[in-house]
1. Enumerate the calculated ³J(HN,Hα) couplings along the stretch 226-234 in order (Karplus 6.51 cos²θ - 1.76 cosθ + 1.60, θ = phi - 60°), each rounded to whole Hz, writing x wherever the residue is Gly or Pro.
2. Per residue and in Å³, how big is the convex hull formed by the alpha-carbon atoms of the stretch 1-130?
3. Given a 1.4 Å probe, how much area per residue of the chain is accessible, in Å²?
4. Nearest 500 deg cm²/dmol is fine: what mean residue ellipticity at 222 nm does the chain get from its DSSP H runs of n ≥ 4 alone, each adding -39,500 (n - 2.57), divided by its residue count?
5. When only alpha-carbon atoms are used, what values of Rg and Dmax, in angstrom, describe the chain?
6. With unit charges on the beta carbons (Lys and Arg positive, Asp and Glu negative) and the dipole taken about the Cα centre of the chain, which residue among L3, A218, L130 sits farthest to the positive side?
7. With a ≥ b ≥ c the root eigenvalues of the C-alpha gyration tensor of the stretch 55-194, is it rounded (a/c under 1.5), prolate (a/b larger than b/c) or oblate?
8. Could you work out the longest stretch of the chain that avoids the chymotrypsin sites (Phe, Trp or Tyr not before Pro) located in DSSP loops with at most 16 other Cβ atoms within 10 Å?
Amino acid sequence: MILPFEDLTSSVAKLITEANHVVILSGAGLATPSGIPDFRSAKTGLWETNDPMQVASLSAFRHRPNDFFNWLKPLAEKIYYAKPNFAHTALATLEQSGKIKAIVTQNIDCLHQKAGSKNVIEVHGSIAQLECPKCKVIIPFNDELMLNFIEEFSIPSCNHCGSNLKPSITLFEEMLPYEAWNLATHHFENADLVIVVGSSLEVSPANQLPMIAISNGAKLIINTLSTTPLDSRATLLVNYDVVAVWKSILGKFQN
Ligand code: ZN
């Protein structure tokens, strides 16, 4: 049975109210209304000729830096000018009111933080930092470095050794950041309600996180436009636009 939109969002609000430990898992579909394409998907229009596995990879960064940074440039530019959308803002508001404990995100765009969220766990890293693969130094990918890169194609390099700096995002062929993964796992172990927002749960191992919670008896809500491998395990499927959905959910708490 498919519930009407308002009934669905009322049910989500009710489940949030009843839960003690709500954890969000957000993915690319949350950022597309902010104009940021999914870099793991080839069909975004930004990179018509590129296979993301070929360019968004550690070996490309190491051995074909021009290809890698050419791939990064339009994405970095979109992210730099992007603003959080209403779904980000609604999640931040619900976090501030104590209804959401943690936001685990597969996104690298820092839009949760820009919207005011505090407890954001970035399991695929973020573009906010750069690291030197040789000296392991980490520096902020600040406005100056970013504008030099997106406007002049000046590739950021290490002040100590001159190596190209790698944005602290998880590339193909790379492991997930250990600390973020541990922290995320901890939240999913303790969750009694998991809400997936804009993730099609196709990217491993982040897509295993909801399973940790489900096997402990947590409820699962999935808010995406696509189908996911966990649809049959969900308490509620909310296959509507994330912005409309979270506007409606937030409204239920404010009335
Ligand atoms: Zn260095």
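1. Result, rounded to whole Hz: 9, 7, 9, x, 9, 3, 6, 9, 7.
2. Working: hull volume 17.3 nm³, N = 130.
Taking only Cα atoms, the stretch 1-130 has a hull volume of 133 Å³ per residue.
3. Details: 12020 Å² over 255 residues.
Counting only protein heavy atoms, the per-residue value for the chain is 47 Å².
4. Values: 11 runs with 103 residues, N = 255.
Rounded to the nearest 500, the figure is -11500 deg cm²/dmol.
5. Final numbers for Rg and Dmax: 18.6, 61 Å.
6. A218
7. Details: a/c = 2.38, a/b = 1.65, b/c = 1.44.
Here the stretch 55-194 falls in the prolate category.
8. Working: sites that count: F153, Y240.
Excluding the exposed sites themselves, the longest stretch runs over 1-152.
The values are calculated or read from the model by the stated rules, or taken from the named source; none is laboratory data. Note that the structure is a prediction, hence the values are computed from the model and not measured. Cβ coordinates were reconstructed from backbone atoms using ideal geometry, including for glycine residues, and neighbour counts include every protein chain displayed. Note: areas computed on protein heavy atoms with side chains; ligands, DNA, RNA excluded. Shrake-Rupley method; radii C 1.70, N 1.55, O 1.52, S 1.80 Å.
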